[in-house]
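Undergrad: Mind having a look at this structure? Questions to follow.
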Amino acid sequence: MTSIERTAYPQFKRLTSARVLHVFFTPTADEIDWAQQRATEPQALLAVVAALKCFQKMARFPSWQEIPQVVVDHVRRCLGLADEVQPDLGPGRTAKRHRSQIRARQGVIYDQSRARVIAAEAMGKAALAKNNPPDLINVALERLIEASLELPGFTTLDETATRIRARVNAEIFSRICERMGTDGRERLRALLSTTGPDGRTLFNRLKKLAQRASWSRFRKQAAYLEEIDALGDTGAWLEGIAPSKIADFAGEADAQDADTLSRYDPVKTLALLACLAHTARMRARDDLVEMLCKRVAGNLRKARAALEDIRERQRTVGEKLIGTYRTVLEHLDPDGGEVALGVERAVAAVQQAGGFSAQLADIESVAAFHGDNYEVLAHRFFAKDRSVMFDLVAKLELKATSADDSVLVALGHVRAHEGLRRDFIPLPPPIDGAGDPESGIMFGSGNWRRAITDRRRPGMVARRQFEAMVFAYLAEELRTGDIAVVGAGEYADWSANLLPWSECEPLRESFCAQVGRPGSSPTCASRIWPRPRAWIPAMRATPIWSSPRTAPRLSSAAAANSPWRPPGSWRRRSSGACLSGPCWRSWRAPRTGWAGTAISGPPRARIRRSKRRCSGMCWPSSPAASTWGRMRRPSTSRASRPGSFRWCATGTSTSPS
């Protein structure tokens with residue numbers, strides 16, 4: 001039997017606070033007058049008022065043994081009755097009449113058969129997504145309260161939830177087994193009997209918690225993924241089943257051993273094994289992605305550390321160059337003494353410092369690393385991981401979650417030239433087909449683009465540096481959710497968990513009424529669900545960025561061919577521009593599931609509060625909902641990355657073009 005404490009079924013707590021007594025069990029003057037008209041005896045008056053207040057709080061009539069004595073004492077004091085007065089509704093017919101009067105006053109209907117039907121219907125729908133009986137009982141309680149029905153007993157609801165849950169789960173188990181086919185059922189049955197090289201069944205290996213996702217375990221993890229993928233397409237078997245149900249079924253299978261699970265009903269056993277295998281497949285893909293992201297982050301940290309070491313070594317060279325430059329300026333100073341001999345003395349100072357060639361070489365070496373351009377060093381640390389990274393991405397099916405798939409296009413270009421050993425390869429195809437030839441690398445920052453291109457080789461990119469850039473941005477977009485892994489759990493496509501517009505459309509009127517928007521307006525849907533567009537009429541696009549490094553960048557070819565120019569009123573975020581809140585900075589796919597499941601949840605938007613007002617509304621800058629911003633900026637940095645500029649409507653009738 002389900003514990004009543006785990007549900008929302010109304011009951012008295014062990015301790016009743018003074019605040020609860022005052023808020024819920026203090027009768028009003030109107031309630032006292034109403035009770036005095038129907039009960040003249042003190043015992044009956046106390047019983048009627050106590051029953052009325054309990055019914056208001058619990059939507060049912062608790063027994064007198066269930067009502068705490070402190071509640072009865074509080075009501076007695078409010079009525080001004082003597083301490084020896086005890087509640088008594090009288091004979092059965094009188095008590096029944098008083099209960100009917102209380103229900104009529106509260107507008108509640110007593111119809112237990114109808115209540116059981118409504119509860120069963122609510123539980124039947126909820127059981128398709130919820131597996132715990134307390135959740136089913138809570139759903140039924142909500143529907144009964146909405147229908148203004150008196151709540152049935154807890155045991156009635158518990159028995160109904162148990163029966164309906166068993167029926168729905170049996171239907172789901174049968175559906176899963178039918179989709180498996182004969183071969184799939186045989187492979188799953190073999191999990192409980194076939195023993196591997198280590199003397200353990202594959203069922204035990206499916207249950208085993210994954211080890212830390214380290215680069216040294218890649219080969220073993222890849223073999224494990226191939227082994228569980230050979231069981232069958234569990235995604236097709238479990239299509240249409242709620243992720244929460246799959247997680248609960250997998251947890252039930254994980255809690256059993258092979259002998260206990262083999263004693264279950266055969267259909268249920270196969271269904272639980274399918275859910276466990278599906279969860280293992282998702283976890284294996286998540287581990288591979290985690291390995292890639294951690295390795296890329298480690299290589300970039302090494303590149304930054306190498307840059308700091310180079311700067312430390314060049315600090316002495318820089319001090320010598322400054323000393324030489326000071327000496328040269330002193331000799332060439334027109335206010336000095338012998339100006340005619342200044343040039344000769346300056347040349348002599350340079351020769352004494354090592355000569356012009358050595359000085360220019362030192363200047364070039366210092367200038368090469370004067371900024372935060374660790375990107376030119378990153379390829380050195382990716383070299384030893386190159387083959388493993390290519391093998392890893394070959395085992396994963398990647399997809400873009402937004403309209404911008406430039407990183408995946410670049411990844412495909414790199415994989416097409418994987419077997420080459422030349423230093424330069426052609427540029428990836430442009431994203432717009434016939435536009436700027438460098439648009440295929442515009443997802444990278446300025447430092448990355450300078451690291452992979454060479455003026456002496458137009459139309460080419462440095463292969464090693466380009467591979468490092470692609471893997472760096474691939475790992476970043478996997479973490480942010482701009483790229484998803486098909487069949488994964490935490491790195492799955494978060495947009496698959498969003499409600500489609502066909503289901504949101506019927507709710508538009510009520511939603512607009514709550515937020516104060518005209519629901520029948522033709523622009524209401526576009527405001528709630530932005531669609532790709534070149535520009536929005538009667539609105540001026542205002543970018544907001546965090547630093548000058550992330551300001552819009554256009555290549556020379558794109559700037560020459562583009563008719564669009566930034567308005568003069570563009571301002572930076574540091575100046576407090578467009579800060580009417582909330583502004584949606586980004587949408588991210590959370591890397592934890594719902595209620596412990598392995599399925600990634602819906603995106604959570606970070607809200608930036610405002611400091612100044614603007615007359616328009618702020619549009620989300622997300623990978624899916626704000627693709628129109630990227631369409632207008634094909635050669636700028638990634639809009640979904642923190643620090644890049646955003647679009648905000650300020651209510652001015654100005655077209656970007």
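The values are calculated or read from the model by the stated rules, or taken from the named source; none is laboratory data. Predicted, not measured: the structure shown is a model, and the values here were computed from it. Positions of Cβ are generated from backbone atoms using ideal geometry, with glycine treated the same way; all protein chains shown enter the neighbour counts. We work out accessible area using only protein heavy atoms, side chains counted, and drop any ligands, DNA or RNA first. Shrake-Rupley method; radii C 1.70, N 1.55, O 1.52, S 1.80 Å.
Undergrad: Just name the residue that is least open to solvent (accessible area, probe 1.4 Å) out of those in the stretch 214-223 that are out of contact with any Asp or Glu (no Cβ under 9 Å at 6 or more places or on another chain) and more than 12 Å from D391 (Cβ to Cβ).
TA: For the stretch 214-223, the residue satisfying everything is S214.
Undergrad: What are the residues in the stretch 80-126 that are within 20 Å of T155 (Cβ to Cβ) and among the β-branched types (V, I, T), if any?
TA: V117, I118
Undergrad: Another question about this same structure. Quick test of your reading of the structure: T279 fulfils all but one of (1) assigned to a helix (DSSP H, G or I); (2) over 14 Å from R205 (Cβ atoms). Name the failing condition by number.
TA: Here T279 clears every test but (2).
Undergrad: Any chance you could count how many residues in the stretch 4-41 are open to solvent by less than 60 Å² (accessible area, probe 1.4 Å), more than 28 Å from A161 (Cβ to Cβ) and touching a helix residue (DSSP H, G or I) at 6+ places or on another chain (Cβ under 8 Å)?
TA: Here the count works out to 10.
Undergrad: Take R93 and decide whether it is closer than 21 Å to L151 by Cβ and in a helix (DSSP H, G or I). It would help to see each step written out before you state the result.
TA: Values: closer than 21 Å to L151 by Cβ: no; in a helix (DSSP H, G or I): yes.
When the stated conditions are applied, R93 does not pass them.
Undergrad: Quickly run through the stretch 100-119 and pick out the residues that are in a helix (DSSP H, G or I), farther than 13 Å from A35 by Cβ and under 50 Å from the mean Cα position of the chain (by Cα). Lay out the reasoning, then the answer.
TA: Initially, the stretch 100-119 is screened for residues in a helix (DSSP H, G or I), giving 100-106, 112-119.
Remaining after also requiring farther than 13 Å from A35 by Cβ: 100, 103-104, 106, 112-119.
If the condition is that a residue be in a helix (DSSP H, G or I), farther than 13 Å from A35 by Cβ and under 50 Å from the mean Cα position of the chain (by Cα), then R103, A104, Q106, Q112, S113, R114, A115, R116, V117, I118, A119 are the ones that fit.
Undergrad: Across the stretch 240-259, what is the number of residues that are surrounded by fewer than 17 Cβ atoms within 10 Å (Cβ to Cβ), more than 19 Å from A166 (Cβ to Cβ) and over 23 Å from the mean Cα position of the chain (by Cα)?
TA: 3
Undergrad: Scan the stretch 120-146 residue by residue and report those that are part of a loop (DSSP other than H, G, I, E, B) and open to solvent by 30 Å² or more (accessible area, probe 1.4 Å). Walk me through it before giving the result.
TA: Let us first name the residues in the stretch 120-146 that are part of a loop (DSSP other than H, G, I, E, B), namely 127-132.
The answer is L128, A129, K130, N132.
Undergrad: Across the stretch 284-303, which residue is least open to solvent (accessible area, probe 1.4 Å) among those that are within 18 Å of the chain's Cα centre (by Cα) and closer than 15 Å to V486 by Cβ? I'd like the intermediate steps shown before the answer.
TA: From the stretch 284-303, those within 18 Å of the chain's Cα centre (by Cα) are 285-287, 289-290, 293; that's our starting set.
Going one step further and asking which of them are closer than 15 Å to V486 by Cβ, we end up with 285-286, 289.
Values: R285: 27, D286: 17, V289: 0 Å².
Top of the filtered list is V289.
Undergrad: Looking for something touching a residue at least 60 places away in the same chain (Cβ under 8 Å), part of a loop (DSSP other than H, G, I, E, B) and either under 29 Å from W494 (Cα atoms) or open to solvent by less than 40 Å² (accessible area, probe 1.4 Å) (or both) - is there at least one such residue anywhere in the stretch 404-419? Talk me through it step by step, then tell me what you get.
TA: Within the stretch 404-419, the subset touching a residue at least 60 places away in the same chain (Cβ under 8 Å) is 404, 407-408, 410-411.
Cutting the leftovers down to part of a loop (DSSP other than H, G, I, E, B) gives us 404.
Those still in the list that are either under 29 Å from W494 (Cα atoms) or open to solvent by less than 40 Å² (accessible area, probe 1.4 Å) (or both) too: 404.
Yes; the residues of the stretch 404-419 include at least one that is touching a residue at least 60 places away in the same chain (Cβ under 8 Å), part of a loop (DSSP other than H, G, I, E, B) and either under 29 Å from W494 (Cα atoms) or open to solvent by less than 40 Å² (accessible area, probe 1.4 Å) (or both).
Undergrad: Run down A484, A496, A475, A468 and say which single residue is free of Cβ contacts under 8 Å to residues at least 24 places away in the same chain, within 26 Å of M291 (Cβ to Cβ) and either part of a helix (DSSP H, G or I) or in contact with an Asp or Glu (Cβ under 9 Å, 6 or more places away or on another chain) (or both).
TA: Working: A484 fails: free of Cβ contacts under 8 Å to residues at least 24 places away in the same chain; A475 fails: free of Cβ contacts under 8 Å to residues at least 24 places away in the same chain; A468 fails: free of Cβ contacts under 8 Å to residues at least 24 places away in the same chain.
Just a single option satisfies the conditions, and that option is A496.
Undergrad: Name every residue in the stretch 150-202 that is part of a loop (DSSP other than H, G, I, E, B) and surrounded by fewer than 15 Cβ atoms within 10 Å (Cβ to Cβ), in order of residue number.
TA: Step one: filter the stretch 150-202 for residues part of a loop (DSSP other than H, G, I, E, B), giving 150-153, 191-194, 196-200.
G153, S193, T194, G196, P197, D198, G199, R200, listed by residue number.
Undergrad: Now for a different question. When the stretch 350-360 is examined, which residues are found to be farther than 11 Å from L321 by Cα and surrounded by 11 or more Cβ atoms within 10 Å (Cβ to Cβ)?
TA: First pass over the stretch 350-360, keeping only residues farther than 11 Å from L321 by Cα: 351-352, 355-357.
Result: Q351, G355, F356.
Undergrad: If we keep just the residues of the stretch 436-476 that are more than 26 Å from the chain's Cα centre (by Cα) and acidic (D, E), which is surrounded by the fewest Cβ atoms within 10 Å (Cβ to Cβ)?
TA: Filtering the stretch 436-476 for residues that are more than 26 Å from the chain's Cα centre (by Cα) and acidic (D, E), the one surrounded by the fewest Cβ atoms within 10 Å (Cβ to Cβ) comes out as D454.
Undergrad: I need the full set of residues from the stretch 240-267 which are assigned to a helix (DSSP H, G or I) and hydroxyl-bearing (S, T, Y), in order please.
TA: Taking the stretch 240-267 as the starting set, the residues that turn out to be assigned to a helix (DSSP H, G or I) are 243-254, 258-262, 266-267.
The answer is S244, T260, S262.
Undergrad: Can you list residue pairs whose Cβ atoms sit under 7 Å apart, with the first residue in the stretch 195-220 being of a type in the set (K, R) and the second being in a helix (DSSP H, G or I) and at pLDDT 80 or above? Count only pairs 6 or more apart in sequence or on different chains.
TA: Within 7 Å, the pairs are K207/D254.
Undergrad: A further question on this structure: Working only within the stretch 84-134, note down all residues that are in contact with a helix residue (DSSP H, G or I) (Cβ under 7 Å, 6 or more places away or on another chain) and free of Cβ contacts under 8 Å to residues at least 24 places away in the same chain.
TA: A122, A126
Undergrad: Further, regarding this structure: Taking the stretch 227-239, which residues are free of Cβ contacts under 8 Å to residues at least 60 places away in the same chain and either assigned to a helix (DSSP H, G or I) or under 20 Å from R165 (Cβ atoms) (or both)?
TA: E227, I228, D229, T234, A236
Undergrad: In addition: Could you list, in sequence order, the residues of the stretch 135-161 that are of a type in the set (V, I, T) and in contact (Cβ under 8 Å) with a residue 40 or more places away in the chain?
TA: Taking the stretch 135-161 as the starting set, the residues that turn out to be of a type in the set (V, I, T) are 137, 139, 145, 155-156, 160.
Once the filter is applied, which keeps residues that are of a type in the set (V, I, T) and in contact (Cβ under 8 Å) with a residue 40 or more places away in the chain, the stretch 135-161 yields I137, I145, T155, T156, T160.
The rows are residues; the columns are (1) at pLDDT 95 or above; (2) under 32 Å from the mean Cα position of the chain (by Cα); (3) at negative phi.
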residue: N131; (1), (2), (3): no, yes, yes
residue: T155; (1), (2), (3): no, no, yes
residue: R185; (1), (2), (3): no, no, yes
residue: R189; (1), (2), (3): no, no, yes
residue: L192; (1), (2), (3): no, no, yes
residue: G196; (1), (2), (3): no, no, yes
residue: G199; (1), (2), (3): no, no, no
